[in-house]
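Undergrad: Have a look at the structure that comes next, please.
The values are calculated or read from the model by the stated rules, or taken from the named source; none is laboratory data. Quick caveat, the model's predicted, so the values are computed rather than measured. Every residue, glycine as well, gets a Cβ built from its backbone with ideal geometry; the counts of neighbours run over all protein chains shown. Please note that ligands, DNA and RNA were not included when accessible areas were found on the heavy atoms of the full protein model with its side chains. Shrake-Rupley method; radii C 1.70, N 1.55, O 1.52, S 1.80 Å.
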Amino acid sequence: MSDPAPASRPVPRPGVLAIEAYVPGRSGAPGLPKVHKLSSNETPLGPSPLAMEALHAATASLEVYPDGGATHLRAAIAQRYGLDPARIVCGAGSDELLTLLALAYLGPGDEGVFCEHGFLVYRIAILTAGGTPVVAPETDLTADVDALLAAVTPRTKIVYLANPNNPTGTYLPFEEVRRLHAGLPGHVLLVLDGAYAEYVRADDYSAGLELVLDSQNVVMTRTFSKIHGLAAQRIGWMVGPEGVVDAVNRIRGPFNVSGGGIAAGAAAIRDEAHVAAAVAHNDEWLPRLTREVEALGLTVTPSVANFVLVHFPDEAGRTAAEADAHLGARGVIVRRVTAYGLPHALRVTVGGAEANRAFVAALGEFVRGQGRG
Ligand SMILES: Cc1ncc(COP(=O)(O)O)c(C=O)c1O
């Protein structure tokens, strides 16, 4: 039998065109002079001044390739967390690492498990690797360990858990994470995504470092995009067992973190006072925003991160889509989360005082039916 006629143009391999590309939060409102961007969980404090200084200094040698091993950054992270730098890999954001982990451990026919309202990049990473996404239901918008374990089959190779989760802001106590790990076969990689770990104040929470260090199948990913205020630099890191680190190092780009990212990240992680200020700001505003939105008669999912999920009635004139339009017209940019299976909710980042007040004021107007028609 002869081969079928070749296509007249390059065709992506099977599955690629079935991937729905990630749509980031909006960043502007054209025509409005003042915009409060509360759509991507960025910090209102900006980066550490020390990080900015380090970044500027790095521009002195832009013609030189960065250190492919990100040695300086790994050393700073290792020092901050008491880790062996050899167990750390840095990436162009934690997104890159989440994808590299899927590429290293999943192939066609393999399954990757994540939660019902889990971070969208997990699905994209699993499909990118040619694997099959498997979704575990949540209970009260929170990861459910029994459901996650029930979703595991002999084909499962990887389980992603954001703790706390985006976009719900809910978390699993560390004992529950341990129970999840204990229920997984040893060959299944558990990825604990701690993008918002620094913000969590609950006593029963841990980002899971101790589990990473005590086992052969747990990785933790972290980011410089959120509390460190370096989202534009694209820097993330992971810590894991030797074998996983080795696998990821083999497939990552040789210079996957920029020179500026290495310098800025290292300075940022040393500036513990800046991180503490961001935590203090969140400690003040997270409960305050929650209370003020609840006082308007809306439901807020209890959050431990730097954002809140606000729920709206499915009733004409009161919907999340209409609230989003009303807020946007007043320069308050929040995140619709329909793609996360939450069409009746909006995710709102804890911003600076002025932005938070502008959000509550505009939401109050919306709820009271002002400014419509
Ligand atoms: C849960 C979670 N993980 C990972 C990331 C990715 O962060 P980055 O690629 O900027 O490090 C985000 C960003 O929104 C997130 O919400």
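Undergrad: Highest first, please rank the peptides 336-348, 8-20, 164-176 by the mean number of other Cβ atoms sitting within 10 Å of their residues. Please list the in-between numbers first.
TA: Values: 336-348: 19.8, 8-20: 9.1, 164-176: 22.8.
The packing order, highest mean first, is 164-176, 336-348, 8-20.
Undergrad: With a Cα-only, solvent-free Debye model of the chain, what are the log10 I(q)/I(0) values at q = 0.15 Å⁻¹?
TA: -1.37
Undergrad: Under the Karplus relation 6.51 cos²θ - 1.76 cosθ + 1.60, θ = phi - 60°, what is the ordered set of whole-Hz ³J(HN,Hα) values for the range 227-238, x standing for Gly and Pro?
TA: 5, 7, x, 10, 4, 5, 7, 6, 9, x, 8, 9
Undergrad: I want the antiparallel fraction of DSSP beta bridges within the chain, as a percent rounded to 5.
TA: Working: 20 of 39 bridges.
In the chain, DSSP labels about 50 percent of beta bridges as antiparallel.
Undergrad: Restricting things to Cα coordinates, could you compute the convex hull volume per residue of the range 27-78 in Å³?
TA: On the way: hull volume 8.8 nm³, N = 52.
Output value, Cα hull per residue: 169 Å³.
Undergrad: Filter the DSSP H helices in the chain by two things, a Kyte-Doolittle mean of at least -1.0 and an axial alpha-carbon span of 30 angstrom or more, and list the hits by number. Please list the in-between numbers first.
TA: Numbers: long enough: 272-294 (33 Å, -0.45).
Long hydrophobic helices here: 272-294.
Undergrad: I've got another one for you. Per DSSP H run of at least 4 residues, take -39500 (n - 2.57); add these up for the chain, divide by its residues and hand me the 222 nm value, nearest 500 deg cm²/dmol.
TA: Estimated from H runs of four or more residues: -11000 deg cm²/dmol.
Undergrad: Using Cα centres only, tell me the gap between the range 122-151 and the range 200-249 in whole Å.
TA: So the two Cα centres are separated by 19 Å.
Undergrad: So, for the range 203-260, what is the accessible surface per residue at a probe of 1.4 Å, expressed in square angstrom?
TA: Normalised by residue count, the accessible surface of the range 203-260 is 38 Å².
Undergrad: Sorted by mean Cβ packing within 10 Å, highest first, what order do the peptides 81-89, 63-71 take?
TA: Values: 81-89: 16.3, 63-71: 14.2.
Highest mean packing first, the order is 81-89, 63-71.
Undergrad: Could you give each residue of the range 330-335 its phi-based ³J(HN,Hα) in whole Hz, using Karplus coefficients 6.51, -1.76, 1.60 with θ = phi - 60°, and x for Gly or Pro?
TA: 9, x, 9, 9, 10, 10
Undergrad: May I ask for the percentage of alpha-carbon pairs in the range 210-357 that lie more than 29 Å from each other?
TA: 37
Undergrad: Would you mind getting the Kirkwood hydrodynamic radius of the range 24-135 from its Cα pairs, rounded to one decimal in Å?
TA: Hydrodynamic radius (Kirkwood, Cα pairs) of the range 24-135 is 17.7 Å.
Undergrad: Here's a follow-up. Considering only the other residues whose Cβ falls under 13 Å of the Cβ of His228, what net charge follows from Lys and Arg at +1 and Asp and Glu at -1?
TA: +1
Undergrad: When the scattering of the range 132-203 is computed by the Debye formula from its Cα atoms alone, each counted once and equally, what is log10 I(q)/I(0) at q = 0.11, 0.17, 0.21 Å⁻¹?
TA: Those come out to -0.26, -0.61, -0.93, one per q.
Undergrad: Right, something else. Whole-Hz Karplus ³J(HN,Hα) for the range 215-226, in order, using 6.51 cos²θ - 1.76 cosθ + 1.60 and θ = phi - 60°, x for Gly and Pro?
TA: 9, 9, 9, 10, 10, 10, 10, 9, 9, 9, 7, 9
Undergrad: In Å, what Kirkwood hydrodynamic radius results for the range 179-248 from the alpha-carbon pair distances?
TA: 13.1 Å is the Kirkwood radius here.
Undergrad: Calculate log10 I(q)/I(0) of the range 273-373 for q = 0.11, 0.12, 0.19, 0.21 Å⁻¹, where I(q) comes from the Debye formula with a single equal point scatterer on each Cα and nothing for solvent.
TA: Here the Debye-derived log intensity ratios amount to -0.31, -0.37, -0.89, -1.08.
Undergrad: Assigning unit charges at the beta carbon (Lys, Arg +1; Asp, Glu -1) and nothing else, what dipole magnitude in debye, to the nearest 20, does the chain show about its Cα centre?
TA: So the magnitude is around 920 debye.
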